[in-house]
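Shown next, in C-alpha cells, is the structure this report addresses.
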Amino acid sequence: VGADNDLYINQAIVFIEDAIQYRSINHRVDSKSLWLYRWYYSRTCQWILSLTITIILALAFIEKPSSLTVTSDVRYRLPAWNPPCGLTESIELLCFLVFVVDVSVKSYLVGWEEFWKNKWLMAYILTLIVSLTDWIVSLSFFCAENVRIRRILRPFFLLQNSSMMKKTLKSINSTLPEMASVVLLLAVHLSLFTMFAMLLFARTKDGQQDKEWVAYFRNLPDSLTSLLVLLTTANNPDVMIPAYSKNRAYSIFFILFTVLGNLFLMNLLTAIIYNQFRGYLLKSVQSSLFRRRLGIRAAFEVLSSLKETPANAQQSCVSVGALQQVLQKVEMDSRCKQAIMRSLKTCSCDQLSAAQFQKLFEELDRDAIKQHPPSPEYQSRFMQKMQLAFGHPYFGYLGNVVALANIVSICVVLVMDADKQPSERDDFFLGAINCFFILYYMLEMVLKILAMGLKKYLSYPSNRFDGLLTVILLVLEIATFAVYGFPHPGWRPEFMGLLSLWDMVRLVNMFIVFRFLRIIPNMKFMALVVTTLLDLVKNLRAFAGILVVVFYAFAITGIMLFEGAVDPMGNSSFINTTYNNGSLQCGTYEQLEYWPNNFDDFAENCDFMALFSHFEAEIIYWLIYLLSVNLICRWAKIYFVAWWLISSVIWVNLFVALLLENFIHKWDRRCHRESLSDIEYQRTVELMFRDVLEEPTEEELMEKLHQHPHLQLCR
C-alpha cells in the first residue's frame with residue numbers, strides 16, 4: 001500500500017509539472033521512468049542540452065571557411081585562421097553523443113507505440129544518422145570536402161527542442177495553402193506584366209531608343225528580374241527612367257504594376273496571413289490549454305486512487321493533505337504555489353472534488369501580477385510631508401521637465417559647436433550644465449528613495465533604469481573631474497587617460513539622451529506602444545528561433561554555392577564600366593563598394609542574410625546581377641528570390657500579424673480595464689488568447705485519459 005501511494009504521489013507530481021509546461025502526459029508512469037523523466041526535464045539536464053545546441057550551431061563561425069578575420073571586405077581581408085582537421089569534428093562528435101542520449105531517453109519515455117506516431121522523433125533519429133554518416137565521410141577526406149550536408153541539418157536540433165517553435169512551425173505550415181494562393185496570384189501578375197514589358201519595350205531599328213530594352217528587358221530572365229526587383233521598390237525609379245525619357249506615357253505601365261503589386265496584392269497577403277495565422281495560432285493555444293487541463297485531471301485521478309481516500313465516497317475526491325504533500329515537491333512558480341497553498345488553508349472541507357481541484361490550478365492561467373512593496377511609515381511630520389511631496393507624481397513630472405531642458409541645452413551647444421574644430425571648442429558651458437543636471441538627477445534619486453523606500457523604488461523598472469543611468473553619469477562625471485579638473489572658462493586641457501575630455505563629455509551626453517526615455521511611462525499612448533513591443537520581444541522566442549533556423553540554413557547554403565564568387569580582381573565586368581574612360585558605372589555593385597557583402601564565411605552570411613536584407617533589397621539586386629551576369633551562376637537568382645519570398649514576403653508579414661494581435665489585445669484590455677498604478681500585469685502568448693478559449697468538457701478529458709498508453713485508471 002505504501003509503495004502504491006508513493007507511486008501515485010510521484011505520478012501526480014509529474015502530471016502537474018507537465019500541465020505547467022504544457023507537455024504531453026503520454027509517457028511511461030512507472031517509478032523508474034518517472035525518476036528518469038524528472039531528471040531529463042531538470043534544469044541541469046535541459047541546460048546541458050541547450051548548451052550543446054548552442055555549441056554545435058556556433059561551430060560554423062570557426063569551421064573552414066573561418067570567420068576569424070577583422071574585416072569581411074575581400075580587398076583588405078587577410079587569410080583567416082582555420083582549425084586543424086579533427087578539432088571541430090571532435091567537438092561535433094561530443095555534441096552528437098549528447099543528442100543520441102537525448103533521443104534515446106525521449107524514445108524510451110514515450111514508449112514504442114507512441115514513438116511510431118511521433119514524426120519529430122523519427123526525423124530526429126534520421127537527422128542524426130545522416131549527420132554521423134556525413135561526419136565519417138568528412139574525416140575520410142581529411143576535412144577537404146566543400147559540401148557538408150550535416151551543417152545544413154544543424155538547425156533541426158534547435159527546432160526539435162522547443163515545443164513552441166514546433167507549434168509555430170505547424171501554424172505556419174497550415175497557413176501556407178492560403179499564402180500560396182496569393183503568391184500564385186502575385187506570380188501571375190508578375191508574368192503578365194513581364195510579357196507586356198517585353199512587347200512594349202521590344203528592340204527597334206534605332207539603337208539609341210533601345211536603352212530600356214538593353215538595360216532591363218533584353219530577355220525573359222532579365223525582364224522577370226527587373227520587375228521582381230521593382231516589386232521590392234529597390235530599382236525604382238531607375239527601371240523606368242530610359243522609357244520615361246522617351247515618352248512620359250510609359251509611366252502608366254510602371255504605375256499600374258506598382259499599384260497592383262505593392263498596394264493591393266502585397267497588402268492582401270498581409271491580411272490573409274494575419275487572419276489565417278491568428279486562427280491557427282489560436283488552435284495551437286487551445287491545444288495547449290487542453291494539455292494543461294488534461295495534466296491536472298490526470299493528477300486528480302491518480303491522487304483519488306490513494307488508499308486514504310474514503311471508501312464510501314459517492315464520487316472521486318482527493319484529500320487536502322495529499323495535495324499539499326504533492327505541491328511541496330512540484331517544481332513551479334513560487335507565486336502560483338503560494339496562492340494555491342493559501343486557497344487550501346482557507347478551504348473548509350477535507351476532500352476536494354474534481355471541479356474544486358481543477359479550480360485551484362486555474363491560478364496558473366491568471367495574469368502574473370507584480371505588487372509593489374509599501375512605502376515606509378515615518379513618525380516625523382517633516383518626513384511625512386517630505387514623503388508626500390517627493391512621492392507625488394508631480395515630482396516625477398518635474399524630473400521629466402528637467403530632463404527635457406537638459407536635452408535642449410545639449411542640442412543648443414551641439415548646434416553652436418557643429419562647425420568648430422576640437423581645439424576651438426570651449427567645453428566650459430557644456431561641462432557646467434552637465435554637472436548641474438547630474439547633481440539634480442542624483443538628488444532626485446535620493447529623495448525618491450527616501451519617499452518610497454529602497455525596495456519600492458527598485459520594484460519599478462523605470463526607476464531601476466533611471467537610477468542605473470544616474471549612477472553611471474555620476475561615475476563618469478567624477479572620472480572627468482579627477483582627470484581634467486573642474487570646468488572653468490577656456491576649459492581645454494590636454495589629452496589624458498584613456499579618453500579625451502571631448503570623448504568623455506560626449507559619452508556623458510549620450511547617457512543623458514538615453515535617460516530621456518524615462519518620460520515614456522508618463523505618456524499613456526507611447527507607453528502602450530512600448531509595452532506592446534516589450535511583450536512582443538518576450539513572446540517572440542519561437543519566431544526568433546525559426547528565423548535563426550532559416551538564416552542558418554540559407555547562410556550555409558550560400559557558402560556552399562557562392563564562396564569565392566565575389567572577387568574584386570575578376571568581377572569588374574565590361575558592362576559595369578562606361579565606354580569612354582573605363583570608370584565604374586554609377587550605382588553598380590563595384591562602384592558602391594559592396595565588397596564586404598559576400599558569401600565567403602558564416603559570420604558575413606549572417607550579417608548579410610539579415611542579408612539585413614529583406615529590408616535592403618537593393619543589395620540583393622546587385623548581388624543577383626554580380627553572380628548571374630558575370631557568368632558565375634545564372635541560377636543564383638533562384639537562391640535570392642527564395643530568400644526574398646521567405647524573409648520579406650512571408651516572415652515580415654507573420655511578424656506584422658503577431659504585432660497586430662499583441663497591440664489589439666493590449667488596446668482592448670486598456671479600453672476595458674483601468675490601469676492600476678501599483679500593479680503590473682504580465683502576459684504570455686497563451687494568456688493573450690485566454691478570453692476566447694473554450695474549456696474542455698469532462699467527457700473529453702476522461703476519454704483522452706482512458707486512451708493513455710501507460711496509465712490504467714480505476715474508473
Result for the range 182-298: accessible area per residue, probe 1.4 angstrom, in square angstrom, of 51 Å²
³J(HN,Hα) across the range 443-448 via Karplus (A = 6.51, B = -1.76, C = 1.60, θ = phi - 60°), whole Hz, x for Gly/Pro? 5, 4, 5, 5, 5, 5
Please go through the range 319-378 and write out the GluC sites (Glu not before Pro) that DSSP classes as loop and that have at most 11 other C-beta atoms within 10 Å. 377
Trypsin sites (Lys or Arg not before Pro) within the range 344-446, DSSP loop, no more than 14 other Cβ atoms inside 10 Å: 366, 420
Using the Karplus equation 6.51 cos²θ - 1.76 cosθ + 1.60 (θ = phi - 60°), what ³J(HN,Hα) coupling, rounded to whole Hz, does each residue of the range 38-51 give in order, writing x for Gly and Pro? 5, 5, 4, 8, 5, 4, 5, 5, 5, 5, 4, 5, 5, 5
With r defined as the distance between the Cβ atoms of residue 394 and residue 478 and R0 fixed at 25 Å, what FRET efficiency is calculated, to the nearest 0.05? 0.25
Cα-based Rg (one decimal) and Dmax (whole number) for the range 152-258, in Å? 20.0, 64
Charge dipole (debye, nearest 20) of the range 108-248; +1 at Cβ of Lys and Arg, -1 at Cβ of Asp and Glu: 140 debye
Treat every Asp and Glu Cβ in the range 42-161 as -1 and every Lys and Arg Cβ as +1, leave all other atoms uncharged, and give the resulting dipole magnitude about the Cα centre to the nearest 20 debye. 260 debye
HN-Hα couplings for the range 335-352 via Karplus (6.51, -1.76, 1.60; θ = phi - 60°), in whole Hz with x for Gly/Pro, come out as 4, 5, 4, 5, 5, 5, 5, 5, 5, 5, 5, 8, 6, 7, 9, 8, 10, 10
Using every Cα-Cα pair within the range 42-161, state what percent have a distance larger than 19 Å. 53 percent
Neighbour-limited loop hits for chymotrypsin sites (Phe, Trp or Tyr not before Pro), the range 7-87 (at most 13 other Cβ within 10 Å; DSSP other than H, G, I, E, B): 76, 81
By average C-beta atoms within 10 angstrom, highest first, the peptides 220-233, 121-134: 220-233, 121-134
Stretched fully, the stretch from residue 263 through residue 113 gains (0.36 nm per residue minus C-alpha distance, one decimal, in nm) 48.9 nm
Quick calc: nm separation of the 7 Å Cα→Cβ label points for residue 344 and residue 513 -> 5.6 nm
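The values are calculated or read from the model by the stated rules, or taken from the named source; none is laboratory data. Quantities reported herein were computed from a predicted structural model and do not represent experimental measurements. For neighbour counting, all protein chains shown are included, and Cβ atoms are generated from backbone atoms with ideal geometry for every residue, glycine included. For the accessible areas, the whole protein counts, side chains as well, though only heavy atoms, and no ligand, DNA or RNA atoms are used. Shrake-Rupley method; radii C 1.70, N 1.55, O 1.52, S 1.80 Å.
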